[in-house]
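**Student:** Got a structure for you, written out below as structure tokens; questions coming shortly.
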Amino acid sequence: MIFNKNLKNILLVVFTTLILSACSTAKKSGNIDGDVYTGKETVKFLASGVPDRVFFATNKSSLTTAARETLRKQATYLRKNKSLNVTIEGHADERGTREYNLALGERRANAAKDYLMTYGISGKRISVISYGKEKPVNPASTSLAWSQNRRSVTVKVN
Amino acid sequence: MKKLLILFFFKILFINNAFALIEVDITRGNLDPLPIAVSPLHVDIKSEAFDGIKIKELGENISSIVEKNFKATGLFNPLKKEAFVQKPDIAHLKPRFEDWRLIKAQALVTGKLLVKDGKLKVEFRLWDLAAAKEMTALAFTTTPSNWRRVAHIISDKIYERLTGEEGYFDTRIIFVAESGPKNQRIKKLAIMDQDGANTKYLTLGNELVLTPRFNPTNQMVTYMSYFRNMPRVYLLDIETGTQEVVGNFPGMTFAPRFSPDGKKIVMSFAKDGNSDIYTMDLDTRVVERITNHSSIDTSPSFSPDGKYIAFNSDRSGLQQIYVMRSDGSGVKRITFGNGIYGTPVWSPRGDLIAFTKMRKGRFFIGVMRIDGTGERLLTENYYQEAPSWSPNGRVLVFYRETKAGTKGEGFSAKLWSIDITGYNERRLNTETDASDPSWSSLLSK
């Protein structure tokens, strides 16, 4: 019994350390959180303080906290500039089949569009286009480049 | 295409099935390729000049294409001509079988040609050297500028006779020719003979083009183009060069393929973040929605009988392969292995599905039975996808990309082929980088 209890405690300790170390390695390395890009290197601005793009995790189109913050800034900017229309370009990294990536880019661009619409921006002002993996912003074959390429970019059309 | 049609004067002159003749087993990887002597075709001295064609060398040139075709199968070992023991014209009349056997040849191809009155007359024979018998013979007439196709047709007939399977040499491949740096790629539709000759560019590279696929008669191509920045599926008539958008969809259409009867195009249509599969009848223009699911459904491919469609979907979380009836009913997931599966393509024989598999950062081309069992991974690499079947269902062509450096340097995209045995992997010759290959059916069928 006593032995068992001790063993249990040891196992618990081992497990916690494993989980903690797993977290710390996966969490952050440079400008990547999980595998979502968090840096500014490739980012352009629609206006001062309004980033033009948001980044996604591999195979995902869900918006991170940072992505939502960026899109809120875009929404505010679009509300102030009522005559401005935009195109949202959806992109994928090179590590997927071409046809699936076209669909994934479209899904990402629409995730951004939908979020802007929840802030009262009319869908008529936002068009969407997917380039799949066809237009990488960073041509390298590294995890950093892939994270920068998994993006949706809001582009002014007028 | 019609003008390319070859007039067969008379078909097989004489086939001898009397007793055990040589046979090549193509169901396994062949580690002991059949030694074959391809004698240059004898050029008749009565041959006349024909614009731009080197008549004197025509016999040599045809036989060397036949040799290259044979070598590329991995099933045959064409012997060096220096060792040949008889002059082409004499061997064609009557080979000295015992002498040819001395150079370890088991099969011999002989032939002759005549260019006269603007026509090319060709005759060839295949000899079984061990049995000392003629196995097959064929004569036909065509226009001299078709001489490369003559070589491919001869190759097909011999392959057919020795393996019992249809050949795949008189075929073409349509693909995307790529050039320029990785982040500013220029892409053009291109078409070439199966052996890399006669490359022709069908678009100028002004807009991004992707995923061209032949119709069953090889006269039409469906592909995706970003013309005017509107990503849509197009239909192109190769002969006339006319093209049109397929359907009137309010959004991106992509991943097109023809139905086996050539009457419909199946493709994906993406709207509001959701991609589903649709068909459009090319005669009636009727559009039908085939899948209706909030996931990404794409890369559809018909079974050769037209009754089923294989596709990939991420409805279970990540991309997997599914099969359904062609009306969209009876959807069934068929891949359950470790990894992500995409680009299912039904074999022309109907018994296998080729696919791309992604696992642990590596890409595989494989085949499985149509119920998903019997998965066999044929080749593993850094990045490769988009298999397309040879018309006889024995070989797959696909594209492979290399890892790029920090500035995109060292990146390349090339076409490769591999037998479904997993043997005989080889790179196809292309003038430029290339991707998205689609293999035609036999042109002279």
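Here, each number is a calculation from the coordinates, and none is a lab measurement. Worth saying up front: this structure is predicted, and the values here are computed from it rather than measured. Heads up, the Cβs are rebuilt from the backbone with ideal geometry, glycines too, and the neighbour counts pull from every protein chain shown.
**Student:** From the list B:Ser316, B:Ser301, exactly one residue is among the hydroxyl-bearing types (Ser, Thr, Tyr), out of contact with any helix residue (DSSP H, G or I) (no Cβ under 7 Å at 6 or more places or on another chain) and more than 18 Å from B:Val221 (Cα to Cα). Which is it? Outline the logic, then answer.
**Tutor:** On the way: B:Ser301 fails: more than 18 Å from B:Val221 (Cα to Cα).
Only one candidate passes the filter, namely B:Ser316.
**Student:** List pairs: first in the stretch B:166-181 and more than 30 Å from A:Pro139 (Cα to Cα), second part of a strand (DSSP E or B), Cβ under 6 Å, 6+ apart or cross-chain?
**Tutor:** B:Arg172/B:Ile191; B:Arg172/B:Asp193
**Student:** Okay, next question. What is the residue count in the stretch B:203-246 for residues that are more than 24 Å from the chain's Cα centre (by Cα) and either within 14 Å of chain A (Cβ to nearest Cβ) or under 15 Å from B:Thr279 (Cα atoms) (or both)?
**Tutor:** Going through the stretch B:203-246 one residue at a time, the tally reaches 10.
**Student:** Quick test of your reading of the structure: B:Lys182 fulfils all but one of (1) surrounded by 19 or more Cβ atoms within 10 Å (Cβ to Cβ); (2) within 14 Å of chain A (Cβ to nearest Cβ); (3) within 25 Å of the chain's Cα centre (by Cα). Name the failing condition by number.
**Tutor:** (3)
**Student:** Tally up the residues in the stretch A:105-117 that are at the interface with chain B (Cβ under 7 Å from one of its Cβ atoms) and either basic (Lys, Arg) or within 10 Å of B:Ser275 (Cα to Cα) (or both), please.
**Tutor:** First, pick out the residues of the stretch A:105-117 that are at the interface with chain B (Cβ under 7 Å from one of its Cβ atoms): A:106-107, A:110-111.
Those left that are additionally either basic (Lys, Arg) or within 10 Å of B:Ser275 (Cα to Cα) (or both): A:106-107.
Adding up the residues that qualify gives 2.
**Student:** Does any residue of the stretch A:65-85 turn out to be within 30 Å of B:Gly339 (Cα to Cα) and surrounded by 17 or more Cβ atoms within 10 Å (Cβ to Cβ)? Before you say what the answer is, go through the steps one by one.
**Tutor:** The initial filter retains those residues of the stretch A:65-85 that are within 30 Å of B:Gly339 (Cα to Cα), namely A:65-67.
Now restrict to residues that are surrounded by 17 or more Cβ atoms within 10 Å (Cβ to Cβ): A:67.
Within the stretch A:65-85 (the criterion being within 30 Å of B:Gly339 (Cα to Cα) and surrounded by 17 or more Cβ atoms within 10 Å (Cβ to Cβ)), the answer is yes, since at least one residue qualifies.
**Student:** Residues in the stretch A:113-132: is at least one in contact (Cβ under 8 Å) with a residue 12 or more places away in the chain, polar (S, T, N, Q) and touching a helix residue (DSSP H, G or I) at 6+ places or on another chain (Cβ under 6 Å)?
**Tutor:** yes
**Student:** Of the residues in the stretch B:363-410, how many are within 14 Å of another protein chain (Cβ to nearest Cβ), crowded, with 24+ Cβ neighbours inside 10 Å and either more than 30 Å from A:Ala140 (Cα to Cα) or among the hydroxyl-bearing types (Ser, Thr, Tyr) (or both)?
**Tutor:** Here the count works out to 2.
**Student:** How many of the residues in the stretch A:120-158 are part of a loop (DSSP other than H, G, I, E, B) and surrounded by fewer than 20 Cβ atoms within 10 Å (Cβ to Cβ)? Break it down into steps so the answer makes sense when it comes.
**Tutor:** The initial filter retains those residues of the stretch A:120-158 that are part of a loop (DSSP other than H, G, I, E, B), namely A:120-122, A:133-142, A:150, A:157-158.
Keeping just the survivors that are surrounded by fewer than 20 Cβ atoms within 10 Å (Cβ to Cβ) gives A:120, A:122, A:135, A:137, A:142, A:157-158.
Count: 7.
**Student:** Restricting to the stretch A:89-104, count the residues that are among the basic types (Lys, Arg) and either at the interface with chain B (Cβ under 7 Å from one of its Cβ atoms) or more than 15 Å from B:Thr356 (Cβ to Cβ) (or both).
**Tutor:** Qualifying residue count for the region: 1.
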